[in-house]
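Let me begin by presenting the structure, written as C-alpha cells, before commenting on it.
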Amino acid sequence: MSAFLDNAIESVRDGTDFYLNRQERSAHKHATLLLFHAIELLLKERLSEAHGLLIYAGNDDPITEDAPMVGLQEALDRIRILGLVVDPDQATVLQGLQRRRDWIERHAYDRDPDDGAAVSQAVGFIMYFLREFLDTALEDHIDADLLARVSVLSHDTSREGGPETVLFADVTKVSCGDDGPEGSARDRVDTWIRENYPSDGTAADGKADSFPGTVSCPACLKDFVLMEGHPAAPYCFFCQAHVDAACCEHCGATYSRAHGPSCTCNLWIRP
C-alpha cells in the first residue's frame, strides 16, 4: 500500500472513530476534517499513479521535500486533464464538503444537526473514489466489523426526537456502468458468486445451487441484499455497503432494524 493510500485509510479509521465513539463536543469537527483529509490524500494517490510530479503545485518551482502539493481544486483539475471524469453528483458533494471544511477551519465550531449527513457523504465519496479510480474498495482495507459500523451512523443525539439512523445509501450516489446501476450491481453479485462458490454443482443459469439469493434493501429498495455469507452482511451489492437490514419475523420482508424488532406489518396483526 502506498503512503498516500495508507494515510488515507488511517484518516478514515480515525475520522469514523471520532464520529462513532467519541463524546466530546469537538468530535464531529475532527471527524469531518479527518475524512476530508482522507479524500485529499486519495486524489493525490490517483495523481501519483499517473505521474509522481502531478501531486506538486506549480510547474516551475524546484521539487523538494517541502515543495507545496496541490489543493483540492487543482487536484480535481489535473484528474480531469488525465481524462478521468468524476460523477457530477459526487463532485457536488465534494464541493459541499470543502465549504464545510473551510467553515470549520475559519470559525468557532459547535455541533450541527447536519454533521451526520456530512460525515456520511464524506465516507460515501471515499467508497466511490476507491472503487472507480483506484480499483479497490474500502472493505479491502478495513475489517468487516468496522465496515459494518461506518456503514450505519447516528445523527447528533441532542437533536429533537433523539438519534436518527442514517445509511450511506441514503446519501451516496451509486455510479452507473454501461447497463446502469442495477446492471452494475448484478455484475457485482455474479462476481461474488463466482469467487465464493465452487464451479461444480451449479444451477442451469450458472449460479451456485446453494447460493441463498438476495432480498430487498431497506435503503435503496433494490433486490441486492445478501443476508449472510458476506463479511459485511447484511450487504447490499447496489449500495456497496453494509445495511441495517433484518427479515421480519411475521411476513419475511426486509426492513431497517432501526425501526424496531419487525416491519410495520405487525401493526395489522391481531391476536
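For HIS51 and GLN73, the difference between the fully extended length at 0.36 nm per residue and the C-alpha to C-alpha distance is 6.1 nm. Each residue in VAL93, VAL12, VAL215, VAL85 was given a count of other beta-carbon atoms within 10 angstrom of its own, and listing them fewest first yields VAL85, VAL215, VAL93, VAL12. Once both labels are positioned 7 Å from their Cα atoms along Cα-to-Cβ, the gap between ASP140 and ASN196 label points is 1.8 nm.
Bear in mind these aren't lab numbers, they're just calculated from the coordinates by the rules spelled out. Since the model is a prediction, treat every value here as computed from it, not as a measurement. Reconstructed Cβ throughout: ideal geometry from the backbone, glycine too, with neighbour counts over all protein chains shown.
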